[in-house]
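Read-outs throughout are calculated quantities, based only on the coordinates presented, and are distinct from any laboratory measurement. All of these numbers come straight from a predicted model, not from anything done at the bench.
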Amino acid sequence: MSNINFALVDVDGNVRRIGSCPADQLAGQARGNLSPIEAPADVLDPRLWRYEDGAFVAVEPEAPSLESLKQAAWAIVREDRDRRISGGCETPLGRVDTDADSRGLIAGAVQMAMLSQMLSQPYSVDWSMEDNTVATHSAAQMITMGLTVGGYVEDCHARGRAIRGAIDAAADEAELAAIDTESNWPY
């Protein structure tokens, strides 16, 4: 037996879900106040259809609200911010990795450097830089690397917050589209 397309329709004629099942199982697809109704093959997206007077009627999808556009814009900026945070940064002895694991390793090395200084113990670490070269860092240089990476991460967050503020303040789609999300990021 072949499958038929069906739509689950509420009492107001709103199409809530579209599916496919064997014809003899159509009645079993009912869910709460949703009734299964056999649907033509071109009824694919529930947002584009209503069921009125015994027929499926195409409807224009609603334009996205300004709020949903703002949420989508912020999601893109947040992803870009996080990619930048994890993309490495320049330090006094060269460029270092800044992904989450690397930031954790840097924080641990900074703690060791600080403890060594506090206990007046010598400290030196050979650090693999982003380009896989090795740079020897003293305690002071390791602490400087940690401060540099921490500052870089905070600068990325600050730029993200500034863009988020502009997104939140946008009064319409034109203002939202005009927001510069590409410049003024730290490198």
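Rounding to the nearest 10 and keeping the result within 0 to 90°, find how far the Cα-based axis of helix 66-85 lies from the longest principal axis of the chain.
The two axes meet at around 30 degrees.
Given the -39500 (n - 2.57) contribution per DSSP H run of 4+ residues, what per-residue ellipticity at 222 nm results for the chain, rounded to the nearest 500 deg cm²/dmol?
-13500 deg cm²/dmol
Can you give the relative contact order of the chain as a percent, counting alpha carbon pairs under 8 Å and 6+ residues apart?
This gives 15 percent for the chain.
Taking just the alpha-carbon atoms of the chain, what radius of gyration and Dmax come out, in angstrom?
Values for the chain (Cα only, Rg and Dmax): 28.4, 86 Å.
Once amide H atoms are placed 1.01 Å from N in the peptide plane, what residues at a sequence separation of 5 or more from THR91, or on another chain, have their amide H within under 5 Å of its amide H?
Residues meeting the criterion, in which the H sits 1.01 Å from N, are VAL96.
What's the Cα-based Rg to Rh of region 3-58, Rh via Kirkwood?
With Rg and the Kirkwood Rh in hand, the quotient comes to 0.92.
What translational diffusion coefficient, to the nearest whole µm²/s, does region 66-177 have by Stokes-Einstein, given a Kirkwood radius computed over alpha-carbon pairs, a temperature of 37 °C and 0.692 mPa s viscosity?
The estimated diffusion coefficient comes to 207 µm²/s.
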